Amino acid sequence: MNESEINIRRVTVSDKNMVPRICIASPTPDPKVDGTIYKRDVAISGIQLMDCNGNELGGIGISDNQRMAVFALDYSKHEAVGMYSFDTPETNGACIFINGKDEKAEIMGSKKYSKAELKIENGSPVLAFSGKDGKPRIIIGLDENDDPVIQVLGKDGQMRNIIE
């Protein structure tokens, strides 16, 4: 460290009412949702965005233990849209996701379903569209020979049609 560098673990920017709106921290605080603080699944260092009540709105962060980077914007109870990448000795990948707003979803920790995902899975690109139950209905990708494949699945998860 030198005289032109500041080294600090947390900076919080608050509004005129002293409600935290932006936090840059390592690690970021656990998220506040509807006024309740919930334990974060994974420790994240980065920038946390909050609404006028201090509830988490999204953020950008990194996780050391999973070598992961994430960017997300939230609905009031769960993620709305985001992207992430990860790279471990065992596996790696990246994903862009869009979630439907689920008013019935439990806050934090409940199963959240992506409606649309564009990701790298096993080294190949995949575009998936899911139903309200979170089960994939249409999957577009490449097979092991890099040939295009479109799969159409029923609500039961069974293959209805495949286009190769």
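The values are calculated or read from the model by the stated rules, or taken from the named source; none is laboratory data. What you see is a predicted model; the values in this text were computed from it and never measured. Don't worry about glycine lacking a Cβ; one is built from the backbone with ideal geometry, like all the others, and counts go over all protein chains shown.
If you go through segment 1-9 one residue at a time, do you hit one that is touching a residue at least 24 places away in the same chain (Cβ under 8 Å), among the acidic types (D, E) and farther than 20 Å from D102 by Cα?
Checked segment 1-9: no residue is touching a residue at least 24 places away in the same chain (Cβ under 8 Å), among the acidic types (D, E) and farther than 20 Å from D102 by Cα.
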- Message: Here's a check for you: in segment 117-142, which residue that is charged (D, E, K, R) and farther than 18 Å from A94 by Cα is surrounded by the most Cβ atoms within 10 Å (Cβ to Cβ)?
- Response: R137
- Query: If we keep just the residues of segment 1-58 that are closer than 17 Å to A72 by Cβ and among the small types (G, A, S), which is surrounded by the most Cβ atoms within 10 Å (Cβ to Cβ)?
  - Reply: G58
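For segment 114-156, how many residues are in contact (Cβ under 8 Å) with a residue 24 or more places away in the chain and in a strand (DSSP E or B)?
Looking only at that region, the number is 3.
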- Item | Members of segment 18-38 found to be touching a residue at least 24 places away in the same chain (Cβ under 8 Å) and assigned to a loop (DSSP other than H, G, I, E, B), listed by number | V19, T28, P31, D34, Y38
- Message: So, in segment 56-68, how many residues would count as being within 21 Å of I98 (Cβ to Cβ), at pLDDT 95 or above and not small (G, A, S)?
- Response: 3
- Output the residues belonging to segment 69-84 that are at pLDDT below 90 and of a type in the set (D, E). E79
- Item | Lone qualifier among G59, G35 - being in the same structural domain as E79 (by TED's automatic domain parsing), among the small types (G, A, S) and in contact with a Gly (Cβ under 7 Å, 6 or more places away or on another chain) | G59
